[in-house]
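Novice: Quick one: structure below, then a few questions.
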Amino acid sequence: MIQVNSLSFGYSRSTPIFQNFNWEIQRGETWAILGSSGCGKTTLLYLLAGLRMPASGTITIDGEQITRPRPRSGLILQDYGLLPWATVRENTELGLRVRDFYGQDGKHTPKNFQPENSVEHWLERLGLKEVAGKFPSQISGGQRQRTAIARTLAVAPDLLLMDEPFSSLDAITREDLQNLTLSLCEEQNLTLIIVTHAIEEAAALGKKILVLDSTPRVFENPRAGEINYRSSQAYHDLCDLLWKELRHEAA
């Protein structure tokens with residue numbers, strides 16, 4: 001589904017973040033991107049989303065080179081990105097209203113776009129019916145994150161990009177939303193790429209984990225998402241391995 005070929009990128013007057021970087025992702029895979037602060041995790045997500053452009057090299061999704069934001073890519077930010085003056089229902093409707101404005105032009109909206117599920121379906125599915133008329137300031141952090149997820153799923157993406165989406169939540173809410181995200185991705189056949197700074201989260205969510213450092217490496221984690229995996233020895237062994245990898249790079 002996604003091919004990153006010989007990607008190079010850097011901000012002006014700074015050392016390049018990526019040089020001849022290559023990466024391949026198959027449809028339906030779940031990936032976690034892990035690395036120290038400043039290694040380029042969020043930058044890579046923005047490149048995949050078409051919000052930043054490579055200095056050289058290409059990113060293609062389903063054979064199409066990314067030169068602008070792609071209609072079927074969904075991006076969920078760390079701060080949720082909700083409109084404070086809009087209700088939960090209005091925030092959930094936002095992407096569909098934008099698509100109605102542009103029409104099915106193939107750039108902002110896929111041609112022949114017909115969402116499989118309604119906004120009301122996603123409000124119900126994510127447990128937001130009772131707060132649908134409230135504003136973001138009137139609901140909990142977990143409910144705000146659910147609203148951001150509902151808004152994204154309402155436009156029927158095939159690729160879900162998430163930038164540290166659970167970092168500000170308490171432990172119980174965080175784990176509940178992590179499990180919900182995995183179940184939704186499986187249910188909707190979504191490809192998931194999640195940026196995180198938390199090793200435990202990467203090991204819980206990513207069936208493949210990309211560690212970004214001077215020599216990017218991929219770790220296979222096929223049991224991610226299984227019931228009771230977090231309490232298994234294999235999970236703890238992987239967390240220990242990832243800690244050692246990151247500490248070695250920092251040293």
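The values are calculated or read from the model by the stated rules, or taken from the named source; none is laboratory data. Just so we're clear, the structure is a prediction, and the values are computed from it rather than from any experiment. Here the Cβ positions follow ideal geometry from the backbone for every residue, glycine too, while neighbour counts run over all protein chains shown.
Novice: Could you tell me which residue of region 68-93 is surrounded by the fewest Cβ atoms within 10 Å (Cβ to Cβ), considering only residues that are part of a loop (DSSP other than H, G, I, E, B) and over 19 Å from the mean Cα position of the chain (by Cα)?
Specialist: Going through the qualifying residues, I end up with 84.
Novice: Which condition breaks for residue 242 when tested against (1) under 30 Å from residue 115 (Cβ atoms); (2) in contact with a Leu (Cβ under 7 Å, 6 or more places away or on another chain); (3) of a type outside the set (Val, Ile, Thr)?
Specialist: (1)
Novice: Restricting to region 22-48, name every residue that is of a type in the set (Val, Ile, Thr) and either crowded, with 20+ Cβ neighbours inside 10 Å or more than 15 Å from the chain's Cα centre (by Cα) (or both).
Specialist: 25, 30, 33
Novice: Does region 49-63 contain any residue that is part of a loop (DSSP other than H, G, I, E, B), within 17 Å of the chain's Cα centre (by Cα) and over 25 Å from residue 184 (Cβ atoms)?
Specialist: Yes, there is a match, as at least one residue in region 49-63 is part of a loop (DSSP other than H, G, I, E, B), within 17 Å of the chain's Cα centre (by Cα) and over 25 Å from residue 184 (Cβ atoms).
Novice: Within the set of pairs 6+ apart or on separate chains, which have a first residue in region 3-25 that is assigned by TED's automatic domain parsing to the domain that holds residue 45 and in a loop (DSSP other than H, G, I, E, B), a second that is hydrophobic (A, V, I, L, M, F, W, C) and crowded, with 16+ Cβ neighbours inside 10 Å, and C-beta atoms under 8 Å apart?
Specialist: Short answer, once both residue conditions are applied: 10/17; 10/18; 11/17; 16/9; 17/9; 17/39.
Novice: Of the conditions (1) touching a Ser or Thr at 6+ places or on another chain (Cβ under 6 Å); (2) of a type outside the set (Asp, Glu); (3) surrounded by 15 or more Cβ atoms within 10 Å (Cβ to Cβ); (4) farther than 17 Å from residue 137 by Cα, residue 96 clears all except one; give me its number.
Specialist: (1)
Novice: Of the residues that sit in region 156-191 and are touching a Lys or Arg at 6+ places or on another chain (Cβ under 6 Å) and not charged (D, E, K, R), which one is nearest to residue 79 (Cα to Cα)?
Specialist: Among those residues, the one meeting the criterion is 166.
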